[in-house]
Amino acid sequence: MEVPVLTSYHSVSLSSKTALYMDRCSFFRKRLNCKRRCRLRINVSSEKDDDDGSLSFKSDAVNFCGGGQSGNLVDVISIGSRKDAVVDFCFDSPLQLSSSLLRFWNIQTKDSVNVQLQERVLEKDVNPRVMEVSQFLKFPSKAIVLVASAGYGLDHITAIDILKTRRFRNGFTVAIFLKPFSFEGQRRQDEVKDLVGKLQEYTNFCIDIDTDALLKKDLVTLDEALKSANSAVLLAINAISILISEMHQKIIDAVHNNVKELKVSEVIKILESYKEAKIGFGTGNSIRSSIIQALYDCPFIGAGVKELNGIVICIIASSVLMDDKDVHASLLTFRRTANYTGEIIICTSHEPNLEPNMLVTTVVIVG
């Protein structure tokens with residue numbers, strides 16, 4: 001069903017039921033072709049081409065049911081009034097790679113002494129694991145991501161303790177702050193602001209999502225704004241899991257066509273050096289249209305990246321495997337579309353549940 005043509009940003013939802021994408025400022029409700037939920041693993045390798053020495057991208061997709069090795073997973077802890085809605089939205093997503101690399105947890109706080117973590121599971125007939133904090137911290141994982149919204153009560157005490165301990169053990173910790181709408185009141189605003197200050201010392205990297213910016217756009221309902229905010233959280237988590245995954249090749253492109261592959265440790269150092277980031281996302285039937293929506297129509301970025309004094313991270317998800325030509329073409333398209341000459345880190349994600357003509361571009365502005 002076609003929605004009336006708009007000249008302003010409209011919500012983009014990434015649930016498995018419906019997604020909105022933009023084509024010349026027209027928005028169409030597009031039903032995703034979601035297949036049987038099955039785990040996805042992508043093994044990516046690179047080798048030098050004998051002719052020109054350029055990097056070659058080779059991807060092998062392997063579908064399997066079940067989780068991966070625990071040391072390769074990312075633990076996501078949600079606190080605040082939006083925690084259940086965010087996790088439910090992530091479970092409803094067609095992004096298979098996210099579901100195979102992530103574990104979701106809620107904090108159960110009875111009082112300041114009796115605190116446990118309960119795993120959120122997709123399958124209704126599976127009993128979720130419940131464990132003490134000390135037991136949870138023994139779990140090997142690639143990173144701990146905290147998704148925090150207002151109304152977290154006493155849960156933030158446990159969350160801070162977990163991040164502090166993991167950071168002390170040289171683990172990678174990330175915080176995603178879902179800021180409240182202005183109509184929720186100053187107290188809610190202050191709650192998140194206070195938590196941001198407390199977590200600065202115990203996180204390697206933070207992403208801010210200013211949900212109130214969504215309602216400043218014309219003709220956006222509250223329900224649409226909530227779905228777009230949830231999409232931002234989903235894609236932020238997905239971006240982190242991809243960036244620190246050994247299964248995904250990360251390429252950095254500087255000026256003068258200086259292209260090289262990055263190790264995960266190098267990516268982490270870059271994120272740590274800038275500390276904070278914003279995220280934008282867009283969907284479209286071409287690289288250019290999805291980039292335009294992510295940079296200029298998504299209100300979390302808004303002004304583009306032309307004057308950025310930092311690094312742009314671009315993650316492109318597609319239902320088809322992208323080779324080296326696709327990646328280099330995407331780099332060129334991004335630079336032309338954004339009028340950007342700085343450094344870009346680009347990686348791709350194979351998402352077979354997306355429709356053949358749909359691309360999802362996530363842009364992380366670091367610095």
(message) Cβ-Cβ distance below 9 Å, separation of 6 or more or different chains: which pairs start in the range 162-186 with a residue that is acidic (Asp, Glu) and end on one that is buried (at least 21 other Cβ atoms within 10 Å of the Cβ)?
(response) GLU184/ALA150
(request) Determine if the range 330-343 includes at least one residue that is of a type in the set (A, V, I, L, M, F, W, C), touching a Pro at 6+ places or on another chain (Cβ under 9 Å) and free of Cβ contacts under 8 Å to residues at least 40 places away in the same chain. (result) no
(request) Could you please find all residues in the range 122-142 being over 15 Å from ILE77 (Cα atoms) and of a type in the set (A, V, I, L, M)? (result) LEU122, VAL126
(message) Anything in the range 207-224 that is crowded, with 20+ Cβ neighbours inside 10 Å and in contact (Cβ under 8 Å) with a residue 40 or more places away in the chain? List them, or say none.
(response) ILE207, ILE209, LEU214
(request) Read through the list (1) in contact with a strand residue (DSSP E or B) (Cβ under 7 Å, 6 or more places away or on another chain); (2) closer than 19 Å to ASP208 by Cβ; (3) crowded, with 16+ Cβ neighbours inside 10 Å, then give the number of the only condition that PRO299 fails. (result) (1)
(request) Scan the range 242-263 for residues that are touching a residue at least 24 places away in the same chain (Cβ under 8 Å) and closer than 18 Å to ASN309 by Cα and jot them down. (result) ILE252, ASP253, ALA254, VAL255
(message) From the list ASP218, ASP208, ASP223, ASP212, exactly one residue is charged (D, E, K, R), farther than 25 Å from GLN116 by Cβ and in contact with an Asp or Glu (Cβ under 8 Å, 6 or more places away or on another chain). Which is it?
(response) ASP208
(message) Can you confirm whether SER273 is in contact (Cβ under 8 Å) with a residue 40 or more places away in the chain and part of a helix (DSSP H, G or I)?
(response) no
(request) Collect the residues in the range 114-147 that are under 21 Å from the mean Cα position of the chain (by Cα), part of a loop (DSSP other than H, G, I, E, B) and either surrounded by 14 or more Cβ atoms within 10 Å (Cβ to Cβ) or at pLDDT 95 or above (or both), keeping them in residue-number order. (result) VAL121, SER141, LYS142
(request) Would you point out the residue of the range 197-227, among those that are among the aliphatic types (A, V, I, L, M) and outside any helix (DSSP H, G or I), that is modelled with the lowest pLDDT? (result) LEU219
(message) Looking only at residues that are outside any strand (DSSP E or B) and over 19 Å from CYS298 (Cβ atoms) in the range 337-347, which one is farthest from the chain's Cα centre (by Cα)?
(response) THR341
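Rundown of residues vs (1) modelled with pLDDT under 95; (2) part of a strand (DSSP E or B); (3) surrounded by 18 or more Cβ atoms within 10 Å (Cβ to Cβ), yes/no style:
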| residue | (1), (2), (3) |
| --- | --- |
| LYS306 | yes, no, no |
| ASN309 | yes, no, no |
| ILE313 | no, yes, yes |
| VAL320 | yes, no, no |
| ASP326 | yes, no, no |
| PHE334 | yes, no, yes |
| SER349 | yes, yes, yes |
| PRO356 | yes, no, no |
| VAL364 | no, yes, yes |
(message) Here is a check on your reading of the model: is TYR202 under 19 Å from ASP88 (Cβ atoms), in contact (Cβ under 8 Å) with a residue 12 or more places away in the chain and crowded, with 16+ Cβ neighbours inside 10 Å?
(response) no
(request) Determine if the range 283-294 includes at least one residue that is assigned to a strand (DSSP E or B) and at pLDDT 90 or above. (result) yes
(request) Test ALA150 against the stated conditions and say whether it is over 25 Å from ILE268 (Cβ atoms), buried (at least 20 other Cβ atoms within 10 Å of the Cβ) and of a type in the set (Gly, Ala, Ser). (result) yes
(request) Name every residue in the range 170-196 that is in a helix (DSSP H, G or I), over 22 Å from the mean Cα position of the chain (by Cα) and surrounded by fewer than 19 Cβ atoms within 10 Å (Cβ to Cβ), in order of residue number. (result) SER182, PHE183, GLU184, GLN186, ARG187, GLN189, ASP190, ASP194
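The values are calculated or read from the model by the stated rules, or taken from the named source; none is laboratory data. Remember, predicted model here, so these are calculated numbers, not experimental data. As a convention, Cβ positions derive from the backbone with ideal geometry for all residues, glycine included, and neighbour counts pool all protein chains shown.
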